[in-house]
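Bear in mind that the values in this text are calculations on the coordinates, not laboratory data. Small disclaimer: the values here were computed from a predicted structure and weren't measured. Here the Cβ is made from the backbone with ideal geometry for all residues, glycine too, and neighbour counts use every protein chain on show.
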Amino acid sequence: MTASPPQREAPIHLVPYDPSWPSLFELERGILERAIEPWLSGPIEHIGSTAVPGLVAKPVIDIMAAVNSLDVSRPAIRVLVDLGWVYFPYRAEVMHWFCKPSPAFRTHHLHLVPLSSRLWAERIAFRDYLRRDPMGATEYAQLKRQLAERYEFDREAYTEAKGSFVQRVLDRLDLQC
């Protein structure tokens, strides 16, 4: 499977929390459950900032679907592309990554991740931390605003710059993976 041709990415734009985000996730989860059921090995989860009530976010619904392995789930790539997802081999050693409807205008991200992986555990743990710790969520929101200004046209740098905050939280949580 070849990656989609490169396209210009949309700038980073943060918006206040939108109470419709959980419904948008649920709608997409239903479609995904039917489409990739043969490769699922666990839940389909709403992750990222749109999964945290009250948190400022890029208006992109982040979805993580549990698979047994990346090799076994490789045929799901074609199914998802046929449904309108754009596949990229971003961090291909740990996930299959998709966006839709296009890199220039994103409404959804999808990550197929092995259920038993550290990445799965970390993303769920970080989301749950932000949901239960309002002070931590506020600190994270402030950081995101600063970084969105600094890296408006560089999504990779924006994501990397959040990394030390995320790692500090994960270190405190002492995950057993």
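Rounded, prolate or oblate: which fits the stretch 21-171, taking a ≥ b ≥ c as square roots of the Cα gyration tensor eigenvalues, rounded meaning a/c under 1.5, else prolate when a/b beats b/c? Present the calculation step by step, with values, prior to reporting the outcome.
Details: a/c = 1.68, a/b = 1.50, b/c = 1.12.
Judged from the Cα gyration tensor, the stretch 21-171 comes out prolate (a/c at least 1.5, a/b above b/c).
Using the basic label-point model (7 angstrom from Cα toward the beta carbon), what is the Glu26 to Met135 distance in nanometres?
Label at Glu26, label at Met135, 3.3 nm between them.
Would you pull out the residues with amide H under 5 Å of Gly42's amide H, same chain only if 5 or more places away, H placed 1.01 Å from N?
Ala66
Could you tell me how many degrees, from 0 to 90 and to the nearest 10, lie between the Cα long axis of helix 118-132 and the main elongation axis, the longest principal axis, of the Cα atoms of the chain?
The helix 118-132 is inclined about 40 degrees to the chain.
Which FRET efficiency value, to the nearest 0.05, do you get for Glu9 and Val94 by plugging their Cβ-Cβ distance into 1/(1 + (r/R0)^6) with R0 = 25 Å? It would help to have the intermediate numbers written out before the result.
Values: r = 21 Å, r/R0 = 0.83.
Here the calculated transfer efficiency is 0.75.
Quick one: go through the stretch 12-53 and flag any residue whose amide nitrogen is under 16 Å from the point 7 Å out along the Cα-to-Cβ line of Glu156.
Zone members listed by number: 12.
Can you give the angle from 0 to 90° between the axis of helix 155-173 and the longest principal axis of the chain, with both taken from C-alpha atoms, to the nearest 10?
It works out to around 80 degrees.
Using Cα atoms only, what is the angle between the long axis of helix 134-150 and the major principal axis of the chain, expressed in degrees (0 to 90) to the nearest 10?
It works out to around 80 degrees.
Report the FRET efficiency, 1/(1 + (r/R0)^6), for Arg78 and Ser116, where r is their Cβ-Cβ distance and R0 is 35 Å, rounded to 0.05.
Details: r = 24 Å, r/R0 = 0.69.
The computed FRET efficiency comes out at 0.90.
At 222 nm, what helix-only mean residue ellipticity would the chain give, in deg cm²/dmol to the nearest 500, using -39500 (n - 2.57) for each DSSP H run of four or more? Write out the running numbers ahead of the final one.
Values: 6 runs with 79 residues, N = 177.
Value at 222 nm, helices only, nearest 500: -14000 deg cm²/dmol.
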